[in-house]
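Down below is the structure, laid out as structure tokens.
The values are calculated or read from the model by the stated rules, or taken from the named source; none is laboratory data. Because the structure is a prediction, the values reported are computed rather than measured. Ideal geometry is used to build each Cβ from the backbone, glycine not excepted, and the neighbour counts take in all protein chains shown. The protein model used for the area step is the full one, side chains on, heavy atoms only, and it has no ligands, DNA or RNA in it. Shrake-Rupley method; radii C 1.70, N 1.55, O 1.52, S 1.80 Å.
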Amino acid sequence: MEGAYGAGKAGAFDPYTLVRQPHTILRVVSWLFSIVVFGSIVNEGYLNSASEGEEFCIYNRNPNACSYGVAVGVLAFLTCLLYLALDVYFPQISSVKDRKKAVLSDIGVSAFWAFLWFVGFCYLANQWQVSKPKDNPLNEGTDAARAAIAFSFFSIFTWRSRVTSPP
């Protein structure tokens with residue numbers, strides 16, 4: 001019979017079981033999405049101005065928009081790695097109290113990140129919408145900017161899904 005928070009399953013690490021679990025798959029997908037977001041902004045989110053001689057953020061020349069996208073992407077990447085490590089360690093936790101803390105922290109952190117991605121999506125989409133075409137006449141980096149917005153949107157759901165289906 002299984003105990004609270006899977007306590008009856010405490011034991012050895014099984015990689016096959018780990019990779020088949022929905023929350024682990026969602027965590028890996030979230031990890032990949034965060035790479036796409038911060039990678040897109042870091043690689044093509046800044047443009048050089050020929051007239052001014054300095055680079056600017058593709059999102060309405062607002063450096064805060066690029067900084068937010070990169071920061072959320074990098075921190076989400078690190079958070080995913082941390083919780084993937086917890087997923088590996090989770091079967092070895094035999095204490096119901098410790099398992100409860102791990103599950104509740106996962107739920108709380110996932111809800112928090114879903115909110116941060118929602119804010120990021122709204123912020124980047126708004127700044128992209130009000131960007132002036134004259135700032136980027138050659139449309140450089142537009143695909144990367146749109147990819148960052150799209151994957152910010154997708155990330156809302158990958159993080160929110162873990163709130164409804166914890167380990």
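Rolling a 1.4 Å probe over the heavy atoms of the protein chains gives the chain an accessible area of 55 Å² per residue. Take every Cα pair under 8 Å whose residues are at least 6 apart in sequence, average their separation, divide by the length of the chain, and the relative contact order is 37 percent.
For the stretch 58-121, the direction-averaged projected area of the alpha-carbon convex hull comes to 4.6 nm². Nearest 10 degrees, 0 to 90: what angle lies between the long axis of helix 63-89 and the longest principal axis of the chain (Cα atoms)? Helix 63-89 sits roughly 20 degrees off the main axis of the chain. Annotation: peptides 131-143, 81-93, ranked by per-residue average of other Cβ atoms within 10 Å with the highest first, follow the order 81-93, 131-143. All Cα-Cα separations within the stretch 20-161 were binned at 5 Å from zero, giving a P(r) of 2, 10, 20, 20, 14, 11, 8, 6, 4, 3, 1, 1, 0, each value a whole percent of the pairs. Summary of packing: across the peptides 53-61, 32-40, the per-residue average of other C-beta atoms within 10 Å ranks them, highest first, as 32-40, 53-61.
Surface composition of the chain: carbon plus sulfur atoms contribute 64% of the solvent-accessible area (1.4 Å probe, protein chains only, all chains present). Helix content alone sets the calculated 222 nm mean residue ellipticity of the chain: runs of n ≥ 4 DSSP H residues at -39500 (n - 2.57) each, divided across all residues, give -23500 deg cm²/dmol.
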